[in-house]
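K.L.:
One structure coming up, written as structure tokens, with questions to follow.
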Amino acid sequence: VQLQAFGGGPVQTGGSLRLSCRASGRTFGRYAAGWFRQAPGKEREFVAAINRGGTSTSYSGSAKGRFTISRDNAKNTVYLQMNSLKPEDTAVYYCAASDTVGVPILKWGYDHWGQGTQVTVSS
């Protein structure tokens, strides 16, 4: 499966963005999906994940309460709604797909990665 993430951009502190990740190739509903992010000089870190059917989700501590992951398998798309953005949310955001059943939160549990989309939050 090939993944393409988009929707990033500049935003002010407290603002919102919705990232989208469109999948092509195999049926996206066969994969769990996740969002990760990587800031300059830092490791890629987990943000949020959702299971194949969209019935179960998991969030990092920094994302919980502010971000919402969802998916529309009919559109082969997973979303990340980000609210109350902070400067520390600035990073390249990557979507990923996993063959794993459940809600994988570890980056090595993902087999397919998109190219990333930049989110820049200014104070």
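The values are calculated or read from the model by the stated rules, or taken from the named source; none is laboratory data. The shown structure was predicted, so the numbers you read here are calculated from the model rather than taken from an experiment. Virtual Cβ from ideal backbone geometry, glycine too; neighbours counted across all protein chains shown. Note: areas computed on protein heavy atoms with side chains; ligands, DNA, RNA excluded. Shrake-Rupley method; radii C 1.70, N 1.55, O 1.52, S 1.80 Å.
K.L.:
Could you list, in sequence order, all residues of the stretch 48-100 that are under 18 Å from Gly114 (Cβ atoms) and of a type in the set (Lys, Arg)?
P.N.:
Residues satisfying the conditions are Arg52, Arg71, Lys75.
K.L.:
Applying the selection to the stretch 46-56, what residues are within 19 Å of Asn83 (Cβ to Cβ) and either open to solvent by 30 Å² or more (accessible area, probe 1.4 Å) or in a loop (DSSP other than H, G, I, E, B) (or both)?
P.N.:
Phe46
K.L.:
I need the strands (runs of 3 or more DSSP E) fully contained in the stretch 72-123, keeping only those with at least 3 residues that are buried (at least 22 other Cβ atoms within 10 Å of the Cβ) and out of contact with any helix residue (DSSP H, G or I) (no Cβ under 6 Å at 6 or more places or on another chain).
P.N.:
By residue number, 77-82, 91-98.
K.L.:
Suppose we filter the stretch 1-24 for residues that are out of contact with any Gly (no Cβ under 8 Å at 6 or more places or on another chain) and under 12 Å from Thr77 (Cα atoms); how many remain?
P.N.:
4
K.L.:
Right, something else. Among the residues of the stretch 43-72, write down those that are among the basic types (Lys, Arg) and in contact (Cβ under 8 Å) with a residue 12 or more places away in the chain.
P.N.:
Scanning the stretch 43-72 gives Arg44, Arg52, Arg66, Arg71.
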